[in-house]
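Accompanying notes for the structure given below.
No lab work stands behind these numbers, since they all come straight from the coordinates. As the structure is a computational prediction, the values presented were derived from the model and not from experiment. Glycine also receives a Cβ, built like all others from the backbone with ideal geometry; neighbour counts cover every protein chain displayed.
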Amino acid sequence: MPLTRLYRNGVLEAENFPVDDVSEHLADPGATVWLDFCGPSAADLAAIAEELGLHEIAVEGAVHQDQRAKVDCFDTHSLLTAYSVHMDGRSGALSSCEVSAFITDRALVTVRKSERFDIQAVLQRWDSSSALAKSGVGFLVHGLLDYIVDGHFEAAQIMDEQIEALEDLVFDERPQHARLQRRSLHLRKSLVHLRRAVLPMREVVSTLTGRDLALVDDALTPYYQDVYDHVLRASEWTESLRDLITTIRETQLNLQSFQLNTIMKKVTGWAAIIAVPTAITGFYGQNVPYPGFQSGWGFWASTAAILLISGALYLSFRKRDWL
C-alpha cells in the first residue's frame, strides 16, 4: 500500500489514507498531498496519473530504471529523477537507488525503485522542519533533495578516507602490488558511479529553483541555496578525488618501475663481480702452460687477483649505490 500524507495550511492532518481520497483532499486549495510508491508498474500508477494529469512519457520514465538524473518539465507537472547513494566504510562498495518524483502545484508523488531508498529518513526531515510546511510542495521537495544530497556528501567523505588509506598502502615498506591494484580499480569504479549520481545534481537543483517552476518561495530560498552549496561541494570533491586516485595509480606504477630498476642494477652488479673469478679461473683452466703453471705461487696469484678485482668492483658499485 502506498504511503500518503496530507498537509492542510502547513499542518500535517492525515497519514496513510487511501489513494482514492486524493481527489477529495485536493479539492481544498489549502491542501498539499504526498504519495509514495515502491517498485510500481505503469498500471499501479494509472489511477494517480489520470487524477493528476501526468504525462505518459513521465510515467514511463518513472517506472523504467537507469534514467539519468534530471528534471523533465511538462505542462502541468515536472518529473525529478535522482539517485541516493550509500558507501560501505569498510569495503568501499558503493550502492545506489533510483528515485523519481512527480511535482505538481499541490502534490508530490515519489516513486522508489526499491526498498533500499530510506523513505523514513525523508519523513524525519519533514517532521524536523515542519515550520516550513506552509510552503507546500516546495517544502516536500526540499526534504527529499536534502536527504539525497547529504548522502552524496557523506559518500564523498568516505571515499576520501578510503583513498587516504590507499596512499598509506602505496608507501608501505613492502607494498602488496596485486592488492593495491585491485583496491585502486575497485575505488575507481565506485568513484565513477558516485560521479554519475553527483554531477547532474547541479543542473537538477538549478532547474527546480528557477522561476519557471515557481516551486521555491522566499521562505525556502535560503534552504535551497544551502542544498545547492552542498551539491557544489560534493561535485568539486568528487572531481578532486578522481584526480587524486589517478595520481596514486601513477605513483604506484612509478614506484614499481623504480624498484625494478633497482633490482636490475643489483643483479647487473653482482653479475659483473661473479664474472671476474669466472674469467680468471677459466683462463687458468686452459690446457696450455701459463705463468705459475704447476706451482703454488700461480694458485695464490690467481686467488689474489680474484679477491682484489672483485673487491674493487664491489666497492665501486656500492659507492654508486648499485648494490
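Listing for the model above:
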quantity: Efficiency of FRET from Cβ geometry, ALA312 and LEU260, R₀ 22 Å, rounded to 0.05; calculated: 0.20
quantity: Stretch gain in nm, segment GLU154-ARG174, where the contour uses 0.36 nm per residue and the Cα spacing is subtracted; calculated: 4.0 nm
quantity: Within-14-Å neighbourhood charge of GLU164 [Cβ basis; K, R +1; D, E -1]; calculated: -4
quantity: Along each principal axis, Cα extent of region 165-265, largest first, Å; calculated: 70, 18, 17
quantity: Projected-area mean, region 1-128, by convex hull of Cα positions, square nanometres; calculated: 8.5
quantity: Relative exposure of HIS186, HIS25, judged by other C-beta atoms within 10 Å (fewest first); calculated: HIS186, HIS25
quantity: Positive-end residue, the chain charge dipole about Cα centroid, Cβ charges, pick of THR110, GLY210, MET159; calculated: MET159
quantity: Proximal lysines to LYS265, defined as alpha-carbon separation beneath 27 angstrom and excluding residues fewer than eight positions away on the same chain; calculated: LYS319
quantity: ILE57-ARG211 FRET efficiency (beta carbon distance; Förster radius 22 Å; 0.05 resolution); calculated: 0.35
quantity: Given [x] 32.3, 102; [y] 34.9, 122; [z] 20.7, 72, the label whose value is Rg and Dmax of the Cα atoms in Å derived from this model; calculated: [y]
quantity: Stretchable slack from ALA165 to LEU253, in nm (0.36 nm times residue separation minus alpha-carbon distance); calculated: 29.9 nm
quantity: DSSP beta bridge pairing in the chain, given as percent antiparallel to the nearest 5; calculated: 85
